[in-house]
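The structure appears right after this line, and notes come after that.
The values are calculated or read from the model by the stated rules, or taken from the named source; none is laboratory data. All of these numbers come straight from a predicted model, not from anything done at the bench. Cβ: placed from backbone, ideal geometry, glycine included. Neighbour counts: every protein chain shown. For accessibility, only protein heavy atoms count, side chains too; no ligands or nucleic acids. Shrake-Rupley method; radii C 1.70, N 1.55, O 1.52, S 1.80 Å.
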Amino acid sequence: MPTLFFYGTLCHIPLLEAVLGVASGALSDRLRPGALADHAVFWVKDQPYPMIEKALGSSAVGVLLHAVTEDEEERLRYYEGAFSYHLSEVTIRTDFDPVTALCFYPMSQDQMRGTDWVLADWVRGWGEMAVGAARDVMARRARYDADTASNLRPFLMARHWSRMIARRDAGQTTRRYRRADGDVTVHKREEGYRGFFELAEFQFDHKRFDGTRSRGVTREAFLAFDAALVLPYDPATDHILLIEQLRFGPLWRDDPQPWVFEPIAGLVDAGEDPADTARREAMEESGLKLGDLEPMVQVYASPGYSTEFFHCFLGVVDLSEFTASSNGLASEHEDIRSHVLPFETAMGLVQSGEINAGPLIMMLYWLGAERGRLRASA
């Protein structure tokens with residue numbers, strides 16, 4: 001059985017356990033510290049993972065995993081394979097004798113070097129997301145090849161970032177019930193569907209308002225993402241900017257008119273502030289550069305069955321010289337047309353039903369309530 005050496009994110013033992021599908025602590029008697037001489041580890045510039053380079057006189061400190069089984073090696077190859085790494089034989093220094101080990105070494109050096117890699121910094125910023133995403137990636141091993149799973153990984157990271165945002169920005173409980181430990185118990189999760197989205201089937205029970213315990217309940221939940229939505233508004237001209245695109249919900253509902261007016265919107269990337277998402281999406285979808293954003297509301301899209309959560313913003317901007325056009329990322333198969341409309345015209349489209357996307361209607365009514373203040377300060 002071979003020994004493997006890790007110098008980057010897999011030195012975070014919870015991540016290694018997630019990739020190998022073992023319980024916490026199961027690897028402890030097979031792990032040893034080690035170092036690869038004449039090498040150094042750096043952040044990849046603007047990326048949440050490291051790179052390794054030859055560097056005379058330096059040492060890449062890492063972890064040795066002994067007695068790696070065939071299945072474990074296959075799991076590691078699947079997890080690392082899409083990063084253009086291959087297993088190379090290296091000699092690792094230890095506190096005792098040198099050890100011959102295999103190391104996932106890059107096949108090319110086309111990555112841009114950032115600052116020196118510090119594992120503890122990565123764990124603080126990215127560890128929880130990476131461990132969750134690793135479990136999700138490995139759960140798809142029978143369904144997807146390594147390249148496909150790797151392409152999904154940023155979105156899986158984003159889903160776990162959404163969970164972190166939910167805990168960080170939990171809403172107030174001045175009138176509604178405040179959850180305590182043990183109030184909700186999930187007993188079992190079935191395999192469900194795991195793709196870009198997930199459909200989770202699970203069994204749970206919960207504390208009722210009368211203090212008793214509910215019977216076991218089986219439900220399904222649609223696991224989506226956090227999204228940032230922004231409505232550009234010019235208070236000087238009282239105009240807004242909307243986008244229009246084909247939407248699959250109306251299409252599969254057999255709506256004969258599946259092109260929909262919406263606010264600018266996009267998924268919040270892992271580690272990204274939702275306001276930065278809104279600015280990025282405004283540029284991608286309309287070519288509009290936004291500055292300061294005013295928070296509107298933060299809402300669940302459909303809390304009865306979906307995790308989808310909206311961070312809504314108003315972007316105060318000069319639209320007087322904006323030229324409507326078609327935009328969108330070709331890599332995401334987007335075909336988006338922008339419209340600049342007077343506020344009253346947009347509200348007329350709400351009344352006629354031509355605007356029928358709930359988030360946009362909500363944001364327009366929010367703007368209606370704040371419009372006087374915004375126009376007075378223009």
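The table that follows gives values for the structure above.
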| item | result |
| --- | --- |
| Matching residues in region 153-180 - criterion: being in a loop (DSSP other than H, G, I, E, B) and open to solvent by 100 Å² or more (accessible area, probe 1.4 Å) | Q172, T174, R175, R176, Y177, R178, R179 |
| Residue that is more than 25 Å from the chain's Cα centre (by Cα) and open to solvent by less than 20 Å² (accessible area, probe 1.4 Å), where the choices are P274, P263, P258 | P258 |
| Strands (runs of 3 or more DSSP E) within region 181-230 that include 1 or more residues at pLDDT 95 or above and open to solvent by less than 30 Å² (accessible area, probe 1.4 Å) | 198-206, 217-223 |
| Unmet requirement for R135, which otherwise passes all of (1) in contact with a Phe, Trp or Tyr (Cβ under 9 Å, 6 or more places away or on another chain); (2) closer than 19 Å to A18 by Cα; (3) open to solvent by 80 Å² or more (accessible area, probe 1.4 Å); (4) not hydroxyl-bearing (S, T, Y) | (1) |
| Any hit, region 280-289, residues being under 22 Å from the mean Cα position of the chain (by Cα) and either on the phi > 0 side of the Ramachandran plot or assigned to a strand (DSSP E or B) (or both) | no |
| Every residue from region 7-24 that is open to solvent by less than 40 Å² (accessible area, probe 1.4 Å) and either in contact with a helix residue (DSSP H, G or I) (Cβ under 7 Å, 6 or more places away or on another chain) or among the small types (G, A, S) (or both) | G8, T9, L10, C11, H12, L15, L16, A18, V19, L20 |
| Checklist (1) in contact with a Phe, Trp or Tyr (Cβ under 8 Å, 6 or more places away or on another chain); (2) at positive phi; (3) of a type outside the set (F, W, Y) applied to G34, failing item | (2) |
| P2 under 21 Å from V131 (Cβ atoms), surrounded by 15 or more Cβ atoms within 10 Å (Cβ to Cβ) and touching a residue at least 40 places away in the same chain (Cβ under 8 Å) | no |
| Residues (in contact with a helix residue (DSSP H, G or I) (Cβ under 9 Å, 6 or more places away or on another chain), closer than 20 Å to I13 by Cα, hydrophobic (A, V, I, L, M, F, W, C) and open to solvent by less than 40 Å² (accessible area, probe 1.4 Å)) located in region 68-93 | V68, L76, L87 |
| Residue in region 25-43 that is most open to solvent (accessible area, probe 1.4 Å), counting only those that are free of Cβ contacts under 8 Å to residues at least 24 places away in the same chain and not charged (D, E, K, R) | S28 |
| Output for region 94-112, where each listed residue is surrounded by 14 or more Cβ atoms within 10 Å (Cβ to Cβ) and either modelled with pLDDT of 85 or more or in contact with a Gly (Cβ under 7 Å, 6 or more places away or on another chain) (or both) | V99, A101, L102, C103, F104 |
| Filter result (open to solvent by 20 Å² or more (accessible area, probe 1.4 Å) and either without any contact (Cβ under 8 Å) to a residue 24 or more places away in the chain or assigned to a strand (DSSP E or B) (or both)) within region 231-242 | H239 |
| Any hit, region 267-274, residues being at pLDDT 95 or above and in a strand (DSSP E or B) | yes |
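Residues are listed down the side, and each one gets a yes or a no for (1) in contact (Cβ under 8 Å) with a residue 60 or more places away in the chain; (2) of a type in the set (V, I, T); (3) exposed (fewer than 14 other Cβ atoms within 10 Å of the Cβ):
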site	(1), (2), (3)
A278	no, no, no
S286	no, no, no
L290	yes, no, no
S306	yes, no, no
T323	no, yes, yes
L349	yes, no, no
A357	yes, no, no
I361	no, yes, no
